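Enquirer: One structure is given below, represented as structure tokens, and several questions about it will come after.
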Amino acid sequence: MDRAGFATELWEGNGHPVLFAERRASTPQARTVLIYGHYDVQPVDPLELWESPPFEPTVRNGEVFARGAQDNKGQCFYSVAAVSAIVAMSQEIPLNIKFVVEGEEECGSANLHKLVQTYADRLRADYVLAVDLGYHSKLKPGVTLGTRGIGTFTVKFRGATSDLHSGTHGGVVINPNHALVKVLSSLRDDDGTINVPGFYDGISPLPDDVHERLNFEFDAAAFASETGAKPLGGERRFSPVERAWTRPTLEINGIGGGYTGEGFKTVIPAVATAKLSCRLVADQDPIRVVRLVKEEIVRRAPEGIDVIFPESDQAGHPVQCNPRSWAVRATHRAYEEVLGREVGYIMVGGSIPILAELTQVSGGELAMVGLGLGSDNMHAPNEHFGLDRFRQGFLIVGRIIELLAKSQA
Ligand code: BES
Ligand code: MN
């Protein structure tokens, strides 16, 4: 980025620093685009399932295998490459270009939540491109119009000061494992409705101009081959795609307590632990929803159990783009030109925790960009991203920049 004429800075906070880079146009009236990405990744475990080392990118069958190949180093890479190429090709680009690349997206962007306020002036922009998304499929590509929000937390049920002999104490004390699974399973009804008072308050339906652009068709064959699972979870009264894009969830992401290793240990564990997350839709507030769920867990925990919530919560608001904005129209046009086929619109069930605040602080129009596929093994062993998509992403970001540098059409 230095070589491409950017002024680069690291914004230090309490966690991983944020890279900020800026290249000003010489025309004072030029508009500004802010490109967002992240350089952190999810843990690589289980390591033994990787066919090549996660931090040594390896090309097999036209795909780069590495942690972050898609989410999000690969997509950052083609964005920087595109902008560098445009800079090298052009006498003058009538657009100010900024990058903000953070290192805590995968754990809730705690650092950036504070830094966006500190550096609000520097983040001013007319357009925000979040290049951390997918495009549904190669044959039926789509531009993303929204992400879900997220609230995560950990809960511990403590019954005793130490693990207890299950013979000596079995049938006498409360087993925290049992107490925890009972309370957690009570948080959902059999039809998938989330049974927490107030959980659904404030949800608004999708705006018409978003809804009418989306295709809610469910590709059962692609789903089966990608996941090996059946689409039978969540709120039964909604279709699978509606559930993924427009409905909130409550999930146990991890649970443990007692002994699950080799052999057998006859204990009543002192502590049982679970990690939960809720995916949220407009206009649910993640902090409020997490508070409601925690309050309900405390209310339902039996006497004899101490409920503990270690402080490590993550929160992000749901985000929607305006499909009529120039940022989204230019993005859609760039996809169609580069891919050479009709491009639709999609939403995504995943989250980018900082996006709502970043967009708000920037004052700009948001467009979502990316060429991820459900089959890329994002967050899993053998994550990969295609060389064809590096090229397409490079061309799409380049074309969006060209279009945004012109006035709207
Ligand atoms: N790039 C993803 C978001 C995403 C998911 C885009 C699926 C397209 C399809 C992002 O890096 C991500 O994984 N976010 C986390 C945030 C969480 C850990 C706070 C997520 O959604 O789980
Ligand atoms: Mn991710």
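Enquirer: Check off (1) in contact with a Phe, Trp or Tyr (Cβ under 9 Å, 6 or more places away or on another chain); (2) among the acidic types (Asp, Glu); (3) without any contact (Cβ under 8 Å) to a residue 60 or more places away in the chain for Glu51 and give me the number that stays unchecked.
Expert: Result: Glu51 passes all but (3).
Enquirer: Moving on to the next point. Going through region 66-108 one residue at a time, which ones are under 20 Å from the mean Cα position of the chain (by Cα) and either hydrophobic (A, V, I, L, M, F, W, C) or assigned to a strand (DSSP E or B) (or both)? Before the answer, list the steps.
Expert: If we filter region 66-108 for residues that are under 20 Å from the mean Cα position of the chain (by Cα), which is where we start, we get 66-79, 99-108.
Within region 66-108, Ala66, Ala69, Cys76, Phe77, Phe99, Val100, Val101, Glu102, Cys107 meet the criteria.
Enquirer: Select from region 25-54 the residues that are among the hydrophobic types (A, V, I, L, M, F, W, C) and within 16 Å of ligand 2 (Cβ to nearest atom) and write down the one among them that is surrounded by the most Cβ atoms within 10 Å (Cβ to Cβ). Steps first, please.
Expert: At the first step, the residues of region 25-54 found to be among the hydrophobic types (A, V, I, L, M, F, W, C) are 25, 30, 33-35, 41, 44, 47, 49-50.
Applying the additional criterion that residues be within 16 Å of ligand 2 (Cβ to nearest atom) yields 41, 44.
Working: Val41: 21, Val44: 18.
The residue in question is Val41.
Enquirer: Under the condition of being buried (at least 17 other Cβ atoms within 10 Å of the Cβ) and not aliphatic (A, V, I, L, M), which residue from region 301-324 is modelled with the lowest pLDDT?
Expert: Just the residues of region 301-324 that are buried (at least 17 other Cβ atoms within 10 Å of the Cβ), to begin with: 301, 305, 307, 313-321, 323.
If we keep only those that are not aliphatic (A, V, I, L, M) too, we end up with 313-314, 316-318, 320-321, 323.
Numbers: Asp313: 90, Gln314: 93, Gly316: 97, His317: 98, Pro318: 98, Gln320: 98, Cys321: 98, Pro323: 98.
So, considering only residues that are buried (at least 17 other Cβ atoms within 10 Å of the Cβ) and not aliphatic (A, V, I, L, M), the one modelled with the lowest pLDDT is Asp313.
Enquirer: Give me a count of the residues in region 242-267 that are outside any loop (DSSP other than H, G, I, E, B), crowded, with 20+ Cβ neighbours inside 10 Å and not hydroxyl-bearing (Ser, Thr, Tyr). Walk me through how you get there before you give the answer.
Expert: First, pick out the residues of region 242-267 that are outside any loop (DSSP other than H, G, I, E, B): 242-246, 251-257, 267.
Filter once more, keeping what is crowded, with 20+ Cβ neighbours inside 10 Å: 243-246, 257.
Checking which are not hydroxyl-bearing (Ser, Thr, Tyr) leaves us with 243-245, 257.
So the count comes out to 4.
Enquirer: Another question, if that's okay. Taking Asp201 and the conditions (1) under 27 Å from Phe238 (Cβ atoms); (2) in contact with a Ser or Thr (Cβ under 6 Å, 6 or more places away or on another chain), which numbered condition does it fall short on, given that it satisfies the others?
Expert: Condition (2) is where Asp201 drops out.
Enquirer: Among the residues of region 354-373, are any acidic (Asp, Glu), within 14 Å of ligand 2 (Cβ to nearest atom) and touching a helix residue (DSSP H, G or I) at 6+ places or on another chain (Cβ under 8 Å)?
Expert: Our first condition is that a residue be acidic (Asp, Glu); within region 354-373, this holds for 357, 365.
Cutting the leftovers down to within 14 Å of ligand 2 (Cβ to nearest atom) gives us none.
No, that holds for no residue.
Enquirer: Mind listing whichever residues of region 120-152 are farther than 30 Å from Asp208 by Cβ, surrounded by 18 or more Cβ atoms within 10 Å (Cβ to Cβ) and of a type outside the set (A, V, I, L, M)?
Expert: In the first step, residues of region 120-152 are kept if they are farther than 30 Å from Asp208 by Cβ; the result is 120-124, 152.
Checking the rest, the ones that are also surrounded by 18 or more Cβ atoms within 10 Å (Cβ to Cβ) come to 122-123, 152.
Arg122, Thr152 - these are the residues of region 120-152 that are farther than 30 Å from Asp208 by Cβ, surrounded by 18 or more Cβ atoms within 10 Å (Cβ to Cβ) and of a type outside the set (A, V, I, L, M).
Enquirer: For Thr27, indicate whether it is among the polar types (S, T, N, Q), under 23 Å from Asn111 (Cβ atoms) and more than 15 Å from ligand 1 (Cβ to nearest atom). Before the answer, list the steps.
Expert: Values: among the polar types (S, T, N, Q): yes; under 23 Å from Asn111 (Cβ atoms): no; more than 15 Å from ligand 1 (Cβ to nearest atom): yes.
The answer is no for Thr27.
Enquirer: When region 55-65 is examined, which residues are found to be under 26 Å from Ile86 (Cβ atoms), touching a residue at least 60 places away in the same chain (Cβ under 8 Å) and surrounded by 15 or more Cβ atoms within 10 Å (Cβ to Cβ)?
Expert: Passing the criteria: only Val64.
Enquirer: Filter region 346-371 down to residues that are in contact with a Gly (Cβ under 6 Å, 6 or more places away or on another chain) and within 20 Å of Ile401 (Cα to Cα) and give me whichever is farthest from ligand 1 (Cβ to nearest atom). I'd like the intermediate steps shown before the answer.
Expert: Of the residues in region 346-371, the ones in contact with a Gly (Cβ under 6 Å, 6 or more places away or on another chain) are 346-347, 351, 353, 370-371.
Keeping just the survivors that are within 20 Å of Ile401 (Cα to Cα) gives 370-371.
Details: Gly370: 7, Leu371: 10 Å.
For region 346-371, the residue satisfying everything is Leu371.
Enquirer: Give me the pairs: first residue in region 345-365 and over 23 Å from Met378 (Cα atoms), second residue within 16 Å of ligand 1 (Cβ to nearest atom) and of a type outside the set (Val, Ile, Thr), beta-carbon distance under 6 Å, and six or more apart or on different chains, which are they?
Expert: Correct list of pairs: Thr359/Leu366.
The values are calculated or read from the model by the stated rules, or taken from the named source; none is laboratory data. This is a predicted model, so every value here is computed, not measured. A quick note on method: Cβ atoms are made from the backbone with ideal geometry, for glycine too, and the neighbour counts reach across all protein chains shown.
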